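*Asks:* Starting off with a structure, shown below.
Bear in mind these aren't lab numbers, they're just calculated from the coordinates by the rules spelled out. Predicted model only: the values in this text are computed from it and were never measured. Ideal geometry is used to build each Cβ from the backbone, glycine not excepted, and the neighbour counts take in all protein chains shown.
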Amino acid sequence: MEKKNGQIRIGFYICHCGSNIASMVDVAKVSEYAASLPNVVVSKDYKYMCSDPGQEMIINDIKENNLTRVVVAACSPFLHENTFRNATFQGGLNQFYFQMVNTREHNAWVHLEAMATTEKALDLVRAAIYRVAEHKPLERKKVPIHPDVLVLGGGIAGIHSALTLANAGKKVYLVEREPTIGGHMAMFDKTFPTLDCAACILTPKMSAVKNHPNIVLWTYAEIVGLDGFVGSYKAKIKHKPRYIIEELCVGCNDCIEACVYKEARFLDEFNQGLSKRKPVYMPFPQATPQIVLIDPETCIHFKSAKCSQTCVTSCERNAVDLQQQPRFEEIEVGTVIVATGFKPVDARKVPYYGYGNFPGVYTALEVERLINASGPTQGEVVLRDGSHPKTIGIVHCVGSRDKHTNQWCSRVCCLYSVKLAHLLKEHTGADIYNFYIDMRTPGKMMEEFYNRIAEEGMKFIRGRVADIYPDRDDPQRKRLIVKAEDTLIQEIIKIPVDMVVLSTGLEPREDAQEVRRMLNITCSTEGFYIERHPKLAPVNTFTDGIFLAGCCQGPKDIPDTVAQAGAAAAEVLALIDKGYIEIEPNTAYINEEECSGCKSCVPLCPYTAISYIEEKKKAFINEALCKGCGTCVAACPSGSIIQNLFEDEEIFSEIEGILNFRNIQREMSYA
Amino acid sequence: MPNHNTEKQWTPKIVAFFCNWCTYTAADLAGVSRIKHAPNIRVIRVMCSGRVDPQFLLDAFAKGADGVLIGGCHPGDCHYIEGNYKCLRRFQLLQKMTTDMGIEPDRLRLEWISASEGDKVRVVVNDMVSKVTKLGPLGLPDKFKSWDEEMKIFEHSIEEKEVFEHV
Ligand SMILES: Cc1cc2nc3c(=O)[nH]c(=O)nc-3n(C[C@H](O)[C@H](O)[C@H](O)COP(=O)(O)OP(=O)(O)OC[C@H]3O[C@@H](n4cnc5c(N)ncnc54)[C@H](O)[C@@H]3O)c2cc1C
Ligand code: FES
């Protein structure tokens, strides 16, 4: 690397990050070394480069020393690249005359030996210093942002986000896959820690969504495609056929009454299969919107076409349409909030708890319905065999904290178990045993809630349940034995109960991976969507303009879900109200002089941004369509495609910088 | 100041090209989770593994890298839909070529590491470092030098021969 005769004047800075970097990297050594590299005019180390004084230092140095380039070695560029680009800009330079060295996440935090870590820092710093000399001034393109927002999922998260945005005057499309909004919360009777009635707090919000002039509510609909980028996304929505004309139905339920099935015969999804419904049904009394639907799986018309179609004739408004087909619609939005929630772990995954085998074993969600005044039994806890339980065992952590199912703690199960213990006690007066591994009650008012309920005479047994089996000594009562080791007294105990409640954990939706691919966001191996940064960008994704809210990001309770939903809405508002968004200039362009017109780049572009101009016999890249992956650049045989920010020269000089270590080994004299 | 051996042992230098969206982020995650691994890799960030030009790899070897690692998103997960397939296609061709050049296959590696697989960064890096350590230095720059010498001698001998024949 040659000195560029004073034209290029680099300021180099290495951050101690308190002791995060400085304890592993000899920062003084690095800055001393950097000072010896070509074109470096200023080289300093400082406690916190991202602090105001750190940034001021850069700004002043640029002005005082006529710096033309800046390199900062600190944390990951995902964290502070923008901070330092901004300081570079404040100093009077183009913000892209900056390069960042990741010496914390990629170095100080992952290696054990200070000397090797320092040596790595030197290599990385040299690479950046070589690279930055090649940087070109670039401008961020401003693209206008479409003010409409798409919210996916109408659980409490989606509802809260949608209302917040709509109240701020934004148009929101709320797309819910099920025939009604409400999500899991709509199934609960009461909610911890306040024990307030779920319906009382949720139903008003559901109707507010339905009636809000700024919200377009589409239920029984799904997103099937998303194209574009932040500011201008095109979403393709599929409206599934309800066989009911939504605009005409008023929810009078006459068709349900008129159905040829006089008795309800089919498992009711909303009640977790604990009650029956007809092929034409309303999901639950407060379903929003109040529109019935027909289930083609069970309706005689769809199975044999031999139905007398009493539903059709009964409807005075002619709302029943058995010929309805799926309908597709494309909408334009600037931003998307993903609030698709969770699903409870299938209790059958832990076969020795006997769910599905022993009628006395219930999932927590089933119990939520059983104790619900509007549930299948109007809140009376009757078992599948018609009896009333006198002893109940609640098994915590089913499908959580277990390497055979899911490793994570689902965060809400201890608390909802305590809630169910209280409610079951209230409804049945039964003796209640809680089997827990540890009681986990984080959050405001949660430990107090647990203490209060524990005093109601519940029994808490610390130990994972090993087995659940029928009590052979008492075949009459059909009781079940819950076997566990009480780890506090170190004894195996066997407790006979009439009812077992399995507190199943929370896991990602089955289609989480599919949805993630469609939206181009990331999720962890298990399937919860990943936020851009756990602390600094908790509702952002790695894809600009797409945000997360609620349990699709990880298990959480309703207060946290709502907080996150509000945060996501605020992030969206911040984008919309700015009116435009600046995008990274890492797009590619053709150097026409070099282009031989071989067309090999044209089919490579997944966004069809490259075309071939016949008159000129040259390729052409439409910058508006280019997303800046650089695949065509790597493939061009004549090297005539250039990617801004990732030019060949920039990367070659980085390679050279990394590998030009021979001459430093002498300089690195640790005495 | 840290302890150190005065006799510095050879350890491999591995140049890595990580895509911005998956593998670079995974390496960040390894950092945030303090997952320790061998300090021999130097990561160059590219937006997509599809940006990795075969020339980058050849250049890295030519300038003294002992190994080159490419990290991208899993098939189907590329942020740009299919850049990683393009990368894979090139990689397979290139590995044939580098093998022909006498560069052992273990020195050139392509891995799919998603943003959540911080631990896979550790596994892959450690494994690659131990394999390349076993292979020893590649020393392509020195080899180039000796090839150049050989070439010179060869050319020289041809010249002599020609001179001889002309006489
Ligand atoms: C048994 C049980 C009891 C609980 N009790 C309490 C309690 O007392 N207090 C408390 O604070 N928390 C409780 N929780 C936790 C609570 O359920 C969650 O915090 C809350 O429901 C999360 O809301 P959400 O909107 O993120 O997800 P969800 O409620 O799951 O809603 C997501 C919505 O998105 C829809 N959807 C999914 N995929 C798509 C798609 N691709 N397109 C369109 N729509 C889609 C779903 O149909 C659903 O309507 C309990 C959980 C369980 C399992
Ligand atoms: S973005 Fe990761 S491989 Fe394309």
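*Asks:* Under a Cβ-only charge scheme (Lys and Arg +1, Asp and Glu -1), can you give me the dipole magnitude of the stretch A:254-314 about the Cα centre, in debye to the nearest 20?
*Replies:* 220 debye
*Asks:* Tabulate in residue order the Karplus-calculated ³J(HN,Hα) for the stretch A:85-99, using 6.51 cos²θ - 1.76 cosθ + 1.60 with θ = phi - 60°, rounded to whole Hz; enter x for Gly and Pro.
*Replies:* Ordered by residue, 3J(HN,Hα) equals 4, 5, 4, 4, 5, 4, x, x, 9, 5, 5, 8, 7, 9, 9 Hz.
*Asks:* Do the alpha carbons of any pairs in B:13/B:36; A:444/A:556; A:47/B:36; A:170/A:556; A:63/A:578 sit beyond 19 Å of each other, and which pairs?
*Replies:* Listed pairs above 19 Å: A:47/B:36; A:170/A:556; A:63/A:578.
*Asks:* Taking Cα centroids, how far is the stretch A:166-182 from the stretch A:183-220 in Å?
*Replies:* A separation of 12 Å, based on Cα centres.
*Asks:* Then there's this: Of A:17, A:372, A:41, whose Cα points farthest to the positive end of the dipole of the protein assembly as shown (charges on the beta-carbon: +1 Lys, Arg; -1 Asp, Glu; origin at the Cα centre)?
*Replies:* Of the candidates, A:372 comes out farthest on the positive side.
*Asks:* Once the Cβ-Cβ distance between residue A:140 and residue A:536 is put in as r, and R0 is 25 Å, what FRET efficiency do you end up with, to the nearest 0.05?
*Replies:* 0.75
*Asks:* Taking 7 Å along the Cα-to-C-beta vector as the label spot, tell me the residue B:104-residue A:195 distance in nanometres, rounded to one decimal.
*Replies:* Label at residue B:104, label at residue A:195, 7.0 nm between them.
*Asks:* Next question. Output the Cα-based Rg and Dmax of the protein assembly as shown in Å, rounding Rg to one decimal and Dmax to a whole number.
*Replies:* Using the Cα atoms of the protein assembly as shown, the pair Rg, Dmax is 32.3, 119 Å.
*Asks:* Calculate, in nm to one decimal, what residue A:260 and residue A:248 gain on full extension: separation in residues at 0.36 nm each, minus their alpha carbon distance.
*Replies:* 2.1 nm
*Asks:* Name the residue farthest towards the positive end of the dipole of chain A from the options A:66, A:490, A:328, assuming +1 on Cβ of Lys and Arg, -1 on Cβ of Asp and Glu, about the Cα centre.
*Replies:* Positive-most Cα among the choices belongs to A:490.
*Asks:* What does the net charge come to around residue A:446 if you take all other residues with beta carbon closer than 10 Å to its beta carbon, with K and R at +1 and D and E at -1?
*Replies:* -1
*Asks:* For the protein assembly as shown, what is the mean residue ellipticity at 222 nm derived from helices alone (per DSSP H run of n ≥ 4: -39500 (n - 2.57); sum divided by total residues; nearest 500 deg cm²/dmol)?
*Replies:* One gets -9500 deg cm²/dmol as the mean residue ellipticity at 222 nm.
*Asks:* Could you give the size of the charge dipole of the stretch A:584-643 about its Cα centre, using +1 on the Cβ of each K and R and -1 on the Cβ of each D and E, expressed in debye and rounded to the nearest 20?
*Replies:* 180 debye
*Asks:* Can you give me the long-range amide H partners of residue A:321? Hydrogens built in the peptide plane at 1.01 Å from N, cutoff under 5 Å, separation of 5 or more residues or another chain.
*Replies:* A:244, A:245
*Asks:* Rounded to the nearest 20 debye, what is the charge dipole size of chain A about its Cα centre when +1 sits on each Lys and Arg Cβ and -1 on each Asp and Glu Cβ?
*Replies:* I would put it at about 660 debye.
*Asks:* Continuing with the same structure: Quick check on the protein assembly as shown: of the DSSP beta bridges with both residues there, what percent are antiparallel, nearest 5%?
*Replies:* If we restrict to bridges inside the protein assembly as shown, about 45 percent are antiparallel.
*Asks:* Tell me, what is the Rg over Rh of the stretch A:254-314, with Rh the Kirkwood radius over Cα pairs?
*Replies:* For the stretch A:254-314, the value is 0.95.
*Asks:* Using r as the Cβ-Cβ distance of residue A:90 and residue A:113, and R0 as 30 Å, what FRET efficiency do you calculate, to the nearest 0.05?
*Replies:* The value I calculate is 0.20.
*Asks:* Shape call for the stretch A:564-645 from the C-alpha gyration tensor, a ≥ b ≥ c root eigenvalues: rounded (a/c under 1.5), prolate (a/b greater than b/c) or oblate?
*Replies:* Because a/c hits 1.5 or more and a/b exceeds b/c, the stretch A:564-645 counts as prolate.
*Asks:* Here's another thing I want to ask about it. If you add up the charges near residue A:53, with Lys and Arg at +1 and Asp and Glu at -1, over every other residue whose beta carbon is less than 14 angstrom from its beta carbon, what do you get?
*Replies:* -2
*Asks:* What distance in nm separates the two pseudo spin-label positions at residue A:332 and residue B:55, each 7 Å out from Cα along the beta-carbon direction?
*Replies:* Going from the residue A:332 label point to the residue B:55 one covers 4.0 nm.
*Asks:* I would also like to ask the following. Under 19 Å Cα-Cα from residue A:483, which lysines qualify once same-chain neighbours fewer than 8 residues away are excluded?
*Replies:* Excluding near neighbours in sequence, the set is A:349, A:390, A:459, A:494.
*Asks:* Now a separate question. Mind ordering A:350-356, A:453-459 by average Cβ neighbours within 10 Å, highest first?
*Replies:* For the peptides A:350-356, A:453-459, the packing ranking is A:350-356, A:453-459.
*Asks:* How many lysine pairs does the stretch B:53-167 hold where the Cα atoms are under 28 Å apart and the two sit 8 or more places apart or on different chains?
*Replies:* The number of close lysine pairs in the stretch B:53-167 is 27.
*Asks:* Could you tell me which of B:103, B:60, B:130 has its Cα farthest along the dipole of chain B towards the positive end, charges placed at Cβ (Lys, Arg +1; Asp, Glu -1), taken about the Cα centre?
*Replies:* B:130
*Asks:* Provide the FRET efficiency to the nearest 0.05 for the residue B:74-residue A:611 pair, computing r from the beta carbons and using R0 = 41 Å.
*Replies:* Computed FRET efficiency for residue B:74 and residue A:611: 0.85.
*Asks:* Follow-up. If you find the alpha carbon centre of the stretch A:222-268 and of the stretch A:471-535, how far apart are they in angstrom?
*Replies:* 31 Å
*Asks:* Measure off 7 Å from each Cα along the Cα-to-Cβ vector at residue A:598 and residue A:622, then give the distance between these two points in nanometres to one decimal.
*Replies:* Rounded to a tenth, the inter-label distance reads 2.5 nm.
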